[in-house]
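Only one structure is covered here, and it is reproduced in the block below.
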Amino acid sequence: MENLQEKILQADSLEALEKVRVELFGKKGLLAVEFAKLKDVPGPEKKAFAEGLNETKAKLQAAFDERYEALKANEIESMLKSEAIDVSLYSTLAAKGALHPVMETMDKIIDYFVALNFAVESGPMVEDDFHNFEALNLPKSHPARDMQDTFYFNDGSLLRTHTSPVQIRTMMTTKPPIRMIAPGTVFRRDYDLTHTPMFHQVEGLVVEEKGKVSFANLKAILTDFLQYMFGNVDVRFRPSFFPFTEPSAEVDISCIFCAGNGCRVCSGTGWLEVLGCGIVDPNVFKAVGYEEVSGYAFGLGVERFAMLMHKIPDLRSLFEGDIRLLEQFR
Ligand code: DAH
């Protein structure tokens with residue numbers, strides 16, 4: 001009996017204890033063997049014998065149960081220890097996100113103009129003919145409408161082809177003077193190395209009392225802006241045409257790839273076209289009911305800026321959502 005209790009106490013794991021259990025309490029275990037002897041015990045001694053055995057069995061069972069609880073508690077404790085996680089541990093593997101290069105470029109552009117007190121305006125992407133074309137001096141029959149490959153809905157509304165309609169919306173709800181930019185998404189039916197059907201523009205508009213702004217102001221601010229974006233580049237204004245400005249200009253910077261010497265990117269010209277601008281056409285002011293004012297406007301494509309700043313050869317790659325490409329801009 002002492003011996004058996006000792007056996008239970010010495011079991012140092014649940015597996016060892018299980019072996020002891022089979023040995024003692026199993027069908028062919030030591031207790032079973034003892035109980036089997038009962039039938040050979042002479043009548044008068046049977047009772048005492050049986051009582052003795054039951055007592056022993058109860059004691060061993062109690063010892064067993066106690067040992068089992070102790071070993072089980074041990075096992076749980078060591079499991080908790082070995083599986084513990086230090087949540088305060090710093091992980092160097094954590095993946096960090098990054099701004100999309102187009103949005104990063106947009107932010108940089110916005111920062112420049114906000115610092116000069118321009119308000120940031122917005123308008124709907126689904127526009128009507130009046131705001132997108134008509135009020136911008138692009139009447140129905142105007143050939144310049146062909147320049148903008150428009151997505152139309154059946155009801156005649158359209159996806160805005162530029163951010164210029166925000167000029168119209170702002171002027172129709174605000175009294176002059178105005179000093180605003182309108183960053184936003186625009187849409188055209190176009191798809192090649194340098195065009196995607198969805199892209200982004202930033203529009204700018206300044207309106208003052210008649211005679212208070214001139215082409216010289218426009219030239220000064222855009223030159224400074226382009227040097228802020230691209231560093232120490234030359235800036236050139238080339239006469240051009242937009243229905244909503246007169247006179248109009250396209251603006252070039254000296255090629256940032258060849259420093260103006262001529263290369264494949266600038267088609268050997270040494271210049272890169274980066275935006276359009278001009279003095280607001282009187283017909284635009286008439287459409288929104290403004291009188292005795294003058295102003296200038298400009299518009300630029302954000303993707304074009306991002307491509308030049310990051311030397312991205314294929315614009316479409318920016319919108320394929322390939323994490324490997326985007327990770328390079330972190
Ligand atoms: N809306 C023109 C475009 O999408 C860009 C533009 C050119 C806007 C000249 C202007 C501007 O405000 O004056 O191509």
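Would you be able to say whether some residue in the stretch 158-165 is in a helix (DSSP H, G or I), assigned by TED's automatic domain parsing to the domain that holds Leu275, touching a His at 6+ places or on another chain (Cβ under 6 Å) and not hydroxyl-bearing (Ser, Thr, Tyr)? There is at least one residue in the stretch 158-165 that is in a helix (DSSP H, G or I), assigned by TED's automatic domain parsing to the domain that holds Leu275, touching a His at 6+ places or on another chain (Cβ under 6 Å) and not hydroxyl-bearing (Ser, Thr, Tyr).
Given the criteria modelled with pLDDT under 90 and among the polar types (S, T, N, Q), does Ser82 qualify?
When the stated conditions are applied, Ser82 does not pass them.
Note on the stretch 195-300: enclosed strands (runs of 3 or more DSSP E) holding 2 or more residues that are without any contact (Cβ under 8 Å) to a residue 60 or more places away in the chain and within 16 Å of the ligand (Cβ to nearest atom) are 235-242, 245-254, 271-280.
A single member of Ile85, Ile76, Ile109 is among the β-branched types (Val, Ile, Thr) and within 28 Å of the chain's Cα centre (by Cα), and it is Ile109.
Output the residues belonging to the stretch 84-109 that are loosely packed, with under 10 Cβ neighbours inside 10 Å and of a type in the set (Lys, Arg).
Lys96
Annotation note: Cβ proximity below 8 Å between a residue of the stretch 159-175 that is farther than 16 Å from Glu291 by Cα and a residue that is among the acidic types (Asp, Glu) and near the ligand (Cβ under 10 Å from one of its atoms) (sequence gap 6+ or interchain) occurs for His162/Glu203; Thr163/Glu203; Ser164/Glu203; Val166/Glu203.
The values are calculated or read from the model by the stated rules, or taken from the named source; none is laboratory data. Keep in mind that this is a model prediction, so the values were computed, not measured. Here the Cβ is made from the backbone with ideal geometry for all residues, glycine too, and neighbour counts use every protein chain on show.
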